[in-house]
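Engineer: Mind having a look at this structure? Questions to follow.
A short reminder: the numbers here are calculations on the coordinates, not readings from a lab. In this text, all values refer to a predicted model and were calculated from it rather than measured experimentally. Here the Cβ positions follow ideal geometry from the backbone for every residue, glycine too, while neighbour counts run over all protein chains shown.
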Amino acid sequence: MDLTYRDATDVARLIAAGEISAVEVLEASLARLEATEPQLNAFVTVLASEARRDAQAADLRHKRGEPLGPLHGVPVSVKDLIAVGGAPFTLGSRSMANNVASADAASIERLRQAGAIVIGKTTTSEYGCKAVGDSPLTGSTRNPWDLSKTAGGSSAGAAASVAAGVTAIAVGTDGGGSIRIPAALTSLVGVKPQFGRVPVYPTAATPTLAHVCPMARTVRDAALLMTALAGYDARDPFSVPLPVPDVMAACERDPRSLRIAWSTAFGYAPVDPEVRAIAERAARTFADFGCTVDELEAPFGADPADLWTAEFYAGIGARLGPVLRERPGTLDPEVAAVVERAIAVRAEDYYRAVFGRYEFRERVRRLFEDYDLLLSPTLPVSGVDAGVAVPAALADRNIVTWVCYTYPFNLTGQPAASVPAGFTTAGLPVGLQIVAGSYREEDVFTAAAALETARPWAARRPALHRE
């Protein structure tokens, strides 16, 4: 049985039915990892022996007739900004190369409770600071659709592992677009839930922006993984103390009642014409469903890049400031440059940006009084060459703000996802961003599932598969 591109939902069903064992599924995943890793460089650490132990225990539980979790026996990869107890926890940084996590993060505890098998830690740019998939510690992670391109960042290895069929699902993070960026570049579903919906513990370097997120090839797999991860945890001070929305049921809802806004460029993004056309065709599909689709030129006013940069790099600066002073040569030079600027910001200027963030949040909140969803391209460009931190067409922006479309919704915390919109003439994926009102993940999943049904994408395989 070829399991390379089987959905997590399907794999869990096969294991529960006794048609295949968790050990067999794991060995298939590890074999695919071994075959693709020399080309992709998706993993920092492979946890093969631990995963085999856990898969054997999963099969024993099945044999004993014990209750099985919704992800029982399903392999999953975990971004190396998330702690897995006993495993290296490098955050993509040479300054943390010898660090080992003392315990599982809250999200990993949830994964294990759901029965998933963690197969390894995936690559990230240093502390998640870049929107591409490279760091001095791990080098460059490549895109399975074109090995000359980056898988995107900072959840680079997570995207590569899923797009290449190593795992059906992965857990990443998103502080400015880090799940949606690689999802768009590798034709995946990447969902940033409501801020605080999935607990972030231990505390992230950017605690007011960071989200733990599901990534998958299909919408329903992303919903299954999000359901396993989500829920209140008192250790996270921002954790949402509300029932977890039923995003699995939301995938079956009729989308016709959704009020939708479409924006080509948010009034400021210098979007590539082919990317714009592909994303707009996907957005206009919702009119075919019977939805109202209004075009908005500048839905929330000016570009909030400076507000996001102040917040994100203040947190990173607090973590990496001592390293910059004591061991500057261990840092990615591009990351070091922004950290140096961040730690030089005066408290007055920082808080001016904080107040600006609150004003921005209110403008966006008012927009969603009139609309359920806001659609846009996920990125202003398609494939980005490996080793390039900022595409030439966006050289006036920094190592993250070139992404243009994603960081606004880390400032607001509301749910946002990237789903496949189509492919360029060069065969490179393009993503459509779907943003919902606060606490309305159901609307994201309803829209994403409807689009997936109308324009199925999961059967198309990357170039790596065809070689």
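Engineer: Per-residue ellipticity at 222 nm for the chain, helices alone: DSSP H runs ≥ 4 residues times -39500 (n - 2.57), over residue total, nearest 500 deg cm²/dmol?
Structural biologist: -12000 deg cm²/dmol
Engineer: If you count the DSSP beta bridges with both ends in segment 8-466, what percent of them are antiparallel, to the nearest 5?
Structural biologist: So the antiparallel bridges in segment 8-466 amount to around 70 percent.
Engineer: Please give the FRET efficiency for ARG64 paired with GLU109, using the beta carbon to beta carbon distance and R0 = 25 Å, rounded to the nearest 0.05.
Structural biologist: So the FRET efficiency works out to roughly 0.65.
Engineer: Looking at segment 405-467, which trypsin sites (Lys or Arg not before Pro) are in a loop (DSSP not H, G, I, E or B) and have at most 10 other Cβ atoms within 10 Å?
Structural biologist: none
Engineer: Still on this model: For the pair ALA318/ARG461, report the inter-label distance in nm, with labels modelled 7 Å from Cα in the Cβ direction.
Structural biologist: That separation, rounded to one decimal, is 4.8 nm.
Engineer: Using Cα pairs closer than 8 Å and at least 6 residues apart in sequence, work out the relative contact order for the chain, in percent.
Structural biologist: Relative contact order, the chain: 17 percent.
Engineer: How fast does the chain diffuse by Stokes-Einstein, in µm²/s, taking the Kirkwood radius from C-alpha pairs at 20 °C and 1.002 mPa s?
Structural biologist: Value of D from the Cα-based Kirkwood radius: 99 µm²/s.
Engineer: So, one more: Cα-based count: Lys pairs in the chain below 28 Å, eight or more positions apart or different chains?
Structural biologist: Taking the Cα cut-off of 28 Å, the pair count is 10.
Engineer: Work out how much length VAL345 to ASP306 would gain on full extension: take 0.36 nm times their residue separation and subtract the Cα-Cα distance, in nm to one decimal.
Structural biologist: 12.8 nm
Engineer: Let me ask something else about it. Counting other C-beta atoms within 10 Å, and keeping those with at most 12, which DSSP coil trypsin sites (Lys or Arg not before Pro) do you find in segment 262-361?
Structural biologist: Qualifying residues, ordered by number: ARG346.
Engineer: Rounding to the nearest 20 debye, state how big the charge dipole of the chain is about its Cα centre with +1 on each Lys and Arg Cβ and -1 on each Asp and Glu Cβ.
Structural biologist: That gives the chain a dipole magnitude of about 440 debye.
Engineer: What is the fewest-to-most order of LEU242, LEU71, LEU367 by other Cβ atoms lying within 10 Å of their Cβ?
Structural biologist: Fewest-to-most ranking of LEU242, LEU71, LEU367: LEU242, LEU367, LEU71.
Engineer: What FRET efficiency do you get for ASP396 and ALA298 if R0 is 25 Å and r is their Cβ-Cβ distance, rounded to the nearest 0.05?
Structural biologist: That gives a FRET efficiency of 0.85.
Engineer: Let me ask something else. Give the Kirkwood hydrodynamic radius (Å, one decimal) of segment 122-266, defined as one over the mean of 1/r across all pairs of different Cα atoms.
Structural biologist: Answer for segment 122-266: a Kirkwood hydrodynamic radius of 15.8 Å.
Engineer: Continuing with the same structure: Which of TRP402, TRP262 has the fewest other C-beta atoms within 10 Å, and how do the rest follow up to the most?
Structural biologist: Taking fewest neighbouring Cβ atoms as first place, the list is TRP262, TRP402.
Engineer: What does segment 405-467 give for Rg and for Dmax, in Å, if only its C-alpha atoms count?
Structural biologist: 14.0, 43
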